[in-house]
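See below for the structure under consideration.
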Amino acid sequence: MKTPTPSVLEELIEAVHAGPRGEHVAAFFDFGGTLVEPDAALGAYRRQGSPGTEAAEAFVRAGHSADRATLDETGFAALLEEAIRGWVGRTEDEVTELGQELFTRELAGALFYGAWRLVRAHQNLGHTVVILTSGTWAEATPLARALGVEHVLCTRLETNDDVLTGRVAGRPLWGPGKLAAVEDFARTRDIDLGRSHVYADGDDDIDLLTSVGSPHPVNPAPRLAAFAHARQWPILSFATRGRRRDPLPVLRTAAMFATLLGAGGLGVATGVLRRDRRRGVDLATSLFGRVAPRLGSIDIEVIGGQHARSQRPAVFFVNHQSTLVDVLIASRVIETGFTIVVKAEVRQMPVIGALFDLAGVAFLDRSNTSQAISALQPAVDTLRSGTSIALAPEGTRSFTPAVGTLKKGGFHVARDAGVPIVPVVIRNAGEIMWRNAMIAQKGTIEVAVHQPLPTAGWDRDDIDTWRRAMQELYTDTLDDWPGVAAGRRWSQLIAESTGRSH
């Protein structure tokens, strides 16, 4: 995925921030084509085991064709019922599981980064955020949960003793039905539609968009685009991931992996010949950090890079969305004098696992607490020997651009070694290469490095306090990039803490 047109998006976010606050203002986000790529939900119907896959494709693609302007509620309901024939006889729980599988495999990676930023902007203002979908709860609810969105309005399906009959229950959320659902929601929640926002992409959403004070067409269908131009509504354009048949991203990604392997091999050879493994590792990381971005057509913009060099050794916290990209960022920002902590499964990866082993990487087995503690001890020893480490403080790659919950392990390692923690915030690694993706897209990755946090003299309470403070630092930096205000607050906290310790 790529970043949408900055000027329109940034101006809109500024306007949202300047507007009213509170629950009486709502932000309604259409699902397919607005929050996620238009064809992403198709996987839900392909995975259902239905003989009606062609009908399912017609259902999903109907929302992105000229037919959408003339399709009525009855026709849509018939199309949906044909698409979900494979769900007949299944329970709601079984279909919910299908939806969760779809989210983890596809939908999370199809989330538009610009849409995520808008959701966060509305949430930070205390607005009531709602996801709208003409489809079922199965496709939208997992994403809503991941985004922290409480409300989902969707087309309901008929059940008999919790078993799906294959028929639509009540009015489908299509055209007038979607508008009616929004108006009913507004009445029951005391929402002021005149101050609210709707983000939508379809021709059938025109009436819905005109019902609120702030309409926002996103990747609009032809009739909606013409209508928006006539009304002088700014249009948001979110770019999809590269085409699957486009060979260039594949070639660029292969070149990046080849660089990783080549740099690693050269580093190993250099370390053996010079009998200095550290020198070989430094050669590998610095070479990979310089060459791979060029081959991958990836620009890396770093703010606060001086903080990465000011205190060594240190523990570098790098928020985690993409293994290859995160290693690339660490290699560019930290450059030399460091190793990494990764999950034990990486050790089993062909070639890469062996190279990481030779580089002195600490492999963490998260399935057993005692083994995890044991695995971290070499990292402490490495820090005491003068070598920094980089790790993912969340412990696993996140499904959305939001930072996950920070674990305590990295804080314990830094405290036990008596070294500072350097927060490294990556803004958009998932756009370049999402956690489950195999292909990297070209683009720009933005990185903010904040002031190192001293850990000398910490006790257990200090770890809890600073973990909460750092969680806030990462969240605020991502919400208000590049986190200038968050950085000032962070520096002030460190100054106050240092003053108290003397």
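Odds and ends about this structure:
- Members of the range 216-271 that are under 30 Å from VAL119 (Cα atoms), without any contact (Cβ under 8 Å) to a residue 40 or more places away in the chain and not basic (Lys, Arg): PRO217, PRO220, LEU224, ALA225, ALA226, PHE227, ALA228, HIS229, ALA230, GLN232, TRP233
- When residues in the range 413-458 are screened for being in a helix (DSSP H, G or I) and surrounded by fewer than 18 Cβ atoms within 10 Å (Cβ to Cβ), 1 of them pass.
- LEU273 being among the hydrophobic types (A, V, I, L, M, F, W, C), closer than 26 Å to VAL413 by Cα and at pLDDT below 95: no
- Among (1) surrounded by fewer than 21 Cβ atoms within 10 Å (Cβ to Cβ); (2) more than 21 Å from the chain's Cα centre (by Cα) - the single one LEU125 does not satisfy: (2)
- Residue pairs whose Cβ atoms lie under 8 Å apart, separated by 6 or more positions or on different chains, with the first residue in the range 179-206 and without any contact (Cβ under 8 Å) to a residue 40 or more places away in the chain and more than 18 Å from GLY32 (Cβ to Cβ) and the second polar (S, T, N, Q) and surrounded by fewer than 20 Cβ atoms within 10 Å (Cβ to Cβ), are GLU183/SER211.
- The lone criterion from (1) within 24 Å of ARG312 (Cα to Cα); (2) surrounded by fewer than 22 Cβ atoms within 10 Å (Cβ to Cβ); (3) assigned by TED's automatic domain parsing to the domain that holds ASP299 left unmet by THR405 is number (1).
- Some residue of the range 399-413 being in contact with a strand residue (DSSP E or B) (Cβ under 7 Å, 6 or more places away or on another chain), more than 23 Å from PHE338 (Cα to Cα) and in contact (Cβ under 8 Å) with a residue 60 or more places away in the chain: yes
- Residues satisfying the stated conditions in the range 450-488, i.e. more than 19 Å from THR405 (Cα to Cα) and in contact (Cβ under 8 Å) with a residue 12 or more places away in the chain: GLN451, PRO452, PRO454, THR455, ALA456, GLY457, TRP458, TRP481, PRO482, GLY487
- Filter pass, ASP184 being touching a Gly at 6+ places or on another chain (Cβ under 6 Å), closer than 14 Å to LEU132 by Cα and in the same structural domain as VAL88 (by TED's automatic domain parsing): no
- Conditions (1) assigned to a helix (DSSP H, G or I); (2) in contact with a helix residue (DSSP H, G or I) (Cβ under 6 Å, 6 or more places away or on another chain); (3) modelled with pLDDT under 75; number of the one not met by ALA372: (2)
- Test for THR155: is it of a type in the set (S, T, N, Q) and surrounded by 16 or more Cβ atoms within 10 Å (Cβ to Cβ): yes
- Test: GLY267 is more than 31 Å from the chain's Cα centre (by Cα), buried (at least 18 other Cβ atoms within 10 Å of the Cβ) and in a helix (DSSP H, G or I): yes
- Restricting the range 489-502 to residues that are under 24 Å from ARG120 (Cβ atoms) and in contact (Cβ under 8 Å) with a residue 40 or more places away in the chain, the residue that is surrounded by the most Cβ atoms within 10 Å (Cβ to Cβ): TRP490
- The range 112-147, residues that are farther than 18 Å from GLU14 by Cα and free of Cβ contacts under 8 Å to residues at least 40 places away in the same chain: ALA144, ARG145
- Put simply, of MET433, MET438 the only residue that is touching a helix residue (DSSP H, G or I) at 6+ places or on another chain (Cβ under 7 Å), under 24 Å from ARG332 (Cα atoms), at pLDDT below 95 and not assigned by TED's automatic domain parsing to the domain that holds ASN124 is MET433.
- When we screen THR336, THR285 for residues that are assigned by TED's automatic domain parsing to the domain that holds SER398 and buried (at least 24 other Cβ atoms within 10 Å of the Cβ), the only hit is THR285.
- Strands (runs of 3 or more DSSP E) wholly inside the range 90-203 that include at least 2 residues being modelled with pLDDT of 95 or more and in contact with a Leu (Cβ under 7 Å, 6 or more places away or on another chain): 128-132, 197-200
- When residues of the range 382-402 are limited to those that are among the hydrophobic types (A, V, I, L, M, F, W, C) and under 19 Å from VAL315 (Cβ atoms), the one surrounded by the fewest Cβ atoms within 10 Å (Cβ to Cβ): LEU383
- Among the residues listed as THR259, THR240, the single one being in a loop (DSSP other than H, G, I, E, B) and either touching a Pro at 6+ places or on another chain (Cβ under 6 Å) or not assigned by TED's automatic domain parsing to the domain that holds GLY126 (or both): THR240
The values are calculated or read from the model by the stated rules, or taken from the named source; none is laboratory data. Everything numeric here is computed off the predicted structure, so don't read it as measured data. Glycine also receives a Cβ, built like all others from the backbone with ideal geometry; neighbour counts cover every protein chain displayed.
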